[in-house]
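Step one of this worksheet: look at the structure below.
The values are calculated or read from the model by the stated rules, or taken from the named source; none is laboratory data. Note that the structure is a prediction, hence the values are computed from the model and not measured. All Cβ positions, even for glycine, are placed from backbone atoms using ideal geometry, and neighbour counts span all protein chains on display. Please note that ligands, DNA and RNA were not included when accessible areas were found on the heavy atoms of the full protein model with its side chains. Shrake-Rupley method; radii C 1.70, N 1.55, O 1.52, S 1.80 Å.
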Amino acid sequence: MLSALEKYDPQIYELLTQEKARQSGSLRLIPSENYVSKAVMQASGSCLTNKYAEGYPNKRYYEGQQVTDLIESIAILRAKKVFKAEHANVQSYSGSVANLAAYAALLEPGDTIMGLSLPNGGHLTHGWKVSQTSKIYNSVQYGVDPATGVFDYNKIEELAKKIKPKMIISGATAYPREIDFEKFGEIAKSVGAYHLSDTAHISGLIVAGIHQSPVPFADIVSTTTHKTLRGPRGGMLLCKADHAAKVDKAVFPGLQGGPHMHTITGIAVAMAEADTPEFVEYAKQIVKNSKRLAEKLLEYGFDLVSGGTDNHLLLIDLRNKGVTGKKYAKALDRAKIVSNYNTIPGDPAPPFNPSGLRMGTPSVTTRGMKEEQMDCIADYMKRIVENIDNETVIEDVGKEVLLLCSQFPVPDHFIA
Ligand SMILES: *Cc1c(COP(=O)(O)O)cnc(C)c1O
């Protein structure tokens, strides 16, 4: 597949070869990452990258849409089916742009939005202060209960009653528990606010029926397509039929020009994959794996935000281990265990050197790893945290990681 690259751009070819080896030879525990199938890779690396298709199926501004109209219509149909949604828009370039489009569809600049703050697990685009979303809109943020690390829905309702937002955003980027989207919907309704639900991380669990779906309880649902959903990099919006025209207009021409048809082709393939019993098994195993990892880490004296997990991710509060998130993440990376340092709710440390570590199980689950391998990972993590300055131990763990990776190669149809 890459032979032309090898011939015409050996420098980039060599770097891609290195990255492919890194992805095979490391335990990738960043919860937003995954391995897409070869079919998705081929669809998204296809000749559709050559095509302009501004507009929507059968309403385009360029000719030559005989194939693109069919592909986008199939992607929309499949997305509607797996999410049980009345309408789907598959053109957003990413999850961030999907959120901007959801705001643009229902709000005016200056309207008040109420989202989860970044240090409490929210996404930048939920109105965090460095994001344009906090400049365009009046952003008031909610958090988790600092004592438990989970949502206190009564507090959220109280805040909503006080500030009367035009939109409440549910969903998170670092929240290890199941979210009660129905409750968020009720709170929004009780104050006359729209409810946007951002399911970027957990949409794979939702379509598999493992996590409550917000589709019945939200005006708009946004998601990325590349996290647990295991499609190409992109974004998607789902909504009720009565918001469909507004959502489509907000994406194009409101925010974007030509849709990335090669990505939409990959999304179509990924939605078919998500509609299989194998996908449901994969999603169930993701949760089994993260629960097992949590259990073992707790046994080893790690402190987990909220005390555990219901989904694909874990958030470790490292304060009792006497190491910062950054130092631990870097040591783990030297042992080929790739995670990311993260703030914990109420973090006393600064965001560039926070007290937490975030990790998740989607990628290792795609490789076929199960509970037994989670025990190995927890053991590696224990040894490294206890020997944070001992390069010999870190190197030894790295060798074991390589061995484990070789026993669980990225399935052939999952690497291109
Ligand atoms: C990842 C994420 C996004 C943004 O997706 P990008 O594709 O990186 O722009 C938005 N919201 C949440 C909750 C996310 O986790």
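For the range 245-261, the tally of residues that are surrounded by fewer than 20 Cβ atoms within 10 Å (Cβ to Cβ) and over 20 Å from Leu48 (Cβ atoms) stands at 6.
Using the structure shown, decide if Leu298 is of a type in the set (A, V, I, L, M, F, W, C) and surrounded by fewer than 17 Cβ atoms within 10 Å (Cβ to Cβ). Spelling it out, Leu298 is indeed of a type in the set (A, V, I, L, M, F, W, C) and surrounded by fewer than 17 Cβ atoms within 10 Å (Cβ to Cβ). Screening Gly346, Gly325 for residues that are under 16 Å from Pro119 (Cα atoms), touching a Pro at 6+ places or on another chain (Cβ under 7 Å) and surrounded by fewer than 23 Cβ atoms within 10 Å (Cβ to Cβ) leaves exactly one candidate, Gly346.
Selection within the range 84-113: residues that are under 17 Å from the mean Cα position of the chain (by Cα) and of a type in the set (Val, Ile, Thr). The member of this set that is most open to solvent (accessible area, probe 1.4 Å) is Val97. Put simply, of Asp303, Asp242 the only residue that is in contact with a strand residue (DSSP E or B) (Cβ under 7 Å, 6 or more places away or on another chain), open to solvent by 50 Å² or more (accessible area, probe 1.4 Å) and either more than 16 Å from the ligand (Cβ to nearest atom) or not assigned by TED's automatic domain parsing to the domain that holds Lys382 (or both) is Asp303.
Candidates are the residues of the range 194-207 that are more than 26 Å from Ile316 (Cα to Cα) and crowded, with 24+ Cβ neighbours inside 10 Å; the one that is farthest from the ligand (Cβ to nearest atom) is Val207. Per the listing Leu124, Leu116, the residue uniquely hydrophobic (A, V, I, L, M, F, W, C), within 12 Å of the ligand (Cβ to nearest atom), assigned by TED's automatic domain parsing to the domain that holds Pro232 and surrounded by fewer than 24 Cβ atoms within 10 Å (Cβ to Cβ) is Leu124. Within the range 209-226, which residues are within 17 Å of Ile169 (Cβ to Cβ) and touching a Pro at 6+ places or on another chain (Cβ under 8 Å)? Once the filter is applied, which keeps residues that are within 17 Å of Ile169 (Cβ to Cβ) and touching a Pro at 6+ places or on another chain (Cβ under 8 Å), the range 209-226 yields only Val221.
Going by the conditions given, is Ser73 touching a helix residue (DSSP H, G or I) at 6+ places or on another chain (Cβ under 6 Å), modelled with pLDDT of 95 or more and assigned by TED's automatic domain parsing to the domain that holds Gln132? No, not satisfied.
So, restricting to strands (runs of 3 or more DSSP E) that lie completely within the range 202-319, which ones have at least 2 residues that are more than 24 Å from Met369 (Cα to Cα)?
220-224, 235-239
Find the residue count for the range 178-188, including only residues that are in contact with a Phe, Trp or Tyr (Cβ under 9 Å, 6 or more places away or on another chain) and open to solvent by 50 Å² or more (accessible area, probe 1.4 Å). Adding up the residues that qualify gives 4. Only one of the numbered conditions (1) open to solvent by less than 10 Å² (accessible area, probe 1.4 Å); (2) among the small types (Gly, Ala, Ser); (3) over 14 Å from Leu29 (Cα atoms) is violated by Ser406, and that is (1). Restricting attention to the range 153-181, the residues that are of a type in the set (Gly, Ala, Ser) and more than 16 Å from the ligand (Cβ to nearest atom) total 1.
Is it the case that Leu237 is open to solvent by less than 10 Å² (accessible area, probe 1.4 Å), under 21 Å from the mean Cα position of the chain (by Cα) and more than 11 Å from the ligand (Cβ to nearest atom)?
Details: open to solvent by less than 10 Å² (accessible area, probe 1.4 Å): yes; under 21 Å from the mean Cα position of the chain (by Cα): yes; more than 11 Å from the ligand (Cβ to nearest atom): yes.
Here the answer is yes, as Leu237 does meet what is asked.
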